[in-house]
Every structure is written in C-alpha cells, then in structure tokens.
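Here's the structure, in structure tokens; my notes come after.
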Amino acid sequence: MNPELFTGNALLSLVTLAALEIILGIDNVIFVSIIMGRMPKEKRKRARLLWMIFGIVTRTALLFALGWLLQQKGKPVFTLPILDKPFDLASLIMIGGGLFLLIKTVTEIHHKLEGDEAAYEAPARKGSRAFSKAMAQIVLVDMVFSFDSVVTASGVAKHLEIMIAAVVLAMIVMFFFSEKISNFIHKHPTLKMLALSFLVMIGLVLIIEGWDGEQAEGLHLKNYVYFSMAFSFAVELLNMRLRKNAKPVKLREPKADPDEESGH
C-alpha cells in the first residue's frame with residue numbers, strides 16, 4: 001500500500017476532486033432526471049442504481065485507459081475533406097455526443113409543449129423495451145460526460161487510487177441526490193424548461209470542444225454556461241418564492257399504462 005495515499009495532501013486532493021466531479025456531473029444529473037421522469041415510478045430507483053454502477057465502471061475503465069487515451073489525442077481518425085479538418089477519437093465522441101444531446105433535448109422540449117399527446121404517451125406504455133431504450137440514452141450521454149470527469153481527475157490528483165475513489169464517491173453522492181433533483185424539477189415546469197435549455201447549451205459546448213478543443217478550453221465556455229444557468233435558476237427560485245400561490249403551467253407528461261403500474 002502506497003503511504004502517500006494517507007497524507008493530508010492526498011485527502012485534500014480526494015475531497016477537492018470529488019467536489020469537482022459532482023459539479024461537473026450536474027448536467028449529467030439533469031439529463032438523467034429528465035429521462036427518468038418518463039419512466040414508471042417503480043422503475044426509477046432501478047434505473048438510478050444502474051446509472052450509478054455504469055457511471056463508476058465507465059469512469060474507472062477510462063482512468064485505467066487514460067494513458068492510451070492521451071496518446072490518441074492529436075491522432076486523426078477521420079478528416080473532413082472539404083475543410084481538410086482532422087478529428088481524433090475524443091473529438092468525434094464530443095461532436096457525436098453533443099449532436100445527440102441537442103437532438104434529444106430539442107425533441108423533449110417539442111413533446112412537452114407541442115407534441116402529439118398520443119405519440120408522447122406511447123413510450124411510457126412499452127414496458128421493458130422503453131426502459132432499455134431510456135437506459136441506452138442515459139448510458140450514451142454518461143459516456144460522453146465521463147471524458148470531462150477523467151480529464152479533471154488527471155489534472156487534480158496524482159494517484160490513480162485517489163482518482164477512482166473520488167469518482168466512486170461523486171457517483172454515490174449524485175445517486176442519492178438525483179431523485180430529489182428529479183422530483184423538484186418535475187414539480188416546477190419553468191425549472192424543467194431551464195434545465196432543458198441548459199442541456200442545449202451543453203450540447204453546443206460539446207460540439208465546439210470537439211471541433212476545436214484548444215480554442216474552446218481557452219475560452220472557458222463551460223464556466224459561462226454554468227454561471228448563466230446558476231443565475232437563471234436563482235432568479236427562478238426568487239420568482240417561485242414571490243409567486244408561490246400562482247398555478248404553474250402544465251407540461252405534457254407521459255402516462256404509464258395502468259396495467260403496467262398495477263404489475264399485470
């Protein structure tokens with residue numbers, strides 16, 4: 001056992017890294033909360049548990065493969081002929097994940113405001129098939145967000161054991177708070193729309209980072225996104241306090257099949 005793992009500096013880096021992982025995981029928690037909001041209540045706990053387990057496994061595997069991932073940086077996998085623009089593995093994953101997030105989020109906004117009610121309710125009635133589809137979406141986005149998590153870990157901690165411990169701790173904390181965040185967002189339509197707007201911005205940032213990572217890093221785009229969303233949420237919380245007796249607008253929500261809810 002490495003004695004350096006039990007020093008004050010090691011403990012400080014563990015706490016700091018775990019806190020950073022939780023902050024960076026907020027966008028992931030919001031996406032997961034919105035997707036799980038379309039599931040029957042009895043399946044949400046299982047979905048959150050699977051999300052936590054997969055998140056820990058994915059991030060741990062990426063940390064072990066960190067050396068190989070860093071070696072792939074700058075090695076083009078694909079080149080866009082028109083612009084003669086090369087893309088490495090991380091860039092392609094960022095762009096693909098960003099596009100998926102944009103499409104999924106805009107579709108979700110459409111369903112909640114203008115979508116056909118019958119078509120919107122259908123996914124909630126497909127049972128295990130809908131659950132598998134929802135989990136696939138959660139896993140896909142979680143893999144994209146895992147890159148941020150791993151890069152942050154490599155920059156803060158020096159020991160792999162501390163990185164893994166911080167990731168596990170952060171995922172456990174997010175697991176326990178994800179239900180409360182989900183329920184709170186679900187009860188307040190404006191917060192739900194703000195959360196979806198937040199995911200649109202995150203999707204755009206992922207695309208920009210994939211297109212030109214160095215320039216995006218220099219601009220600190222996510223810092224601006226996090227600040228704007230924190231400010232917007234604070235303003236909305238004040239609005240909710242001032243207008244606590246006002247009746248909120250009803251967004252379209254999926255309705256589970258009665259037979260499924262009763263276990264038949």
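Read-outs: derived from the displayed coordinates by stated rules, not from any lab. Bear in mind that the values here come from a model prediction, so they are computed numbers and not experimental data. Neighbour counts run over all protein chains shown; Cβ positions are idealised from the backbone, glycine included.
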Calculated from backbone phi, Karplus (6.51, -1.76, 1.60) coupling profile of the stretch 191-196 in Hz, x at Gly/Pro
5, 5, 5, 5, 5, 5
Once Rh for the stretch 8-245 is found with the Kirkwood sum over Cα pairs, what is the Stokes-Einstein diffusion coefficient at 20 °C and 1.002 mPa s, in µm²/s?
113
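Where does each of Ser182, Ser146, Ser197 land when they are ranked from fewest to most other beta-carbon atoms within 10 angstrom? If you can, show how the numbers build up before the last one.
Numbers: Ser182 20, Ser146 23, Ser197 15.
Starting with the residue having the fewest Cβ neighbours, the order is Ser197, Ser182, Ser146.
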Would you please give the residues with an amide H less than 5 Å from that of Asp88, counting only those at least 5 places away or on a separate chain, with H modeled from the backbone geometry?
Gly74, Val77
Any chance you could check the Cα centroid distance between the stretch 16-94 and the stretch 171-240 for me, in angstrom?
15
Nothing charged except the Cβ atoms of Lys and Arg (+1) and of Asp and Glu (-1): what's the magnitude of the dipole of the stretch 8-245 about its Cα centre? Round to the nearest 20 debye.
1060
Whole-Hz Karplus couplings 3J(HN,Hα) for the stretch 215-228, θ = phi - 60° and coefficients 6.51, -1.76, 1.60, Gly and Pro as x, run 5, 5, 5, x, 7, 6, 4, 5, 4, 5, 5, 5, 5, 4
Can you give me the distance in nm between label points at Ala65 and Leu49, each placed 7 Å from the Cα along the Cα-to-Cβ direction?
2.7
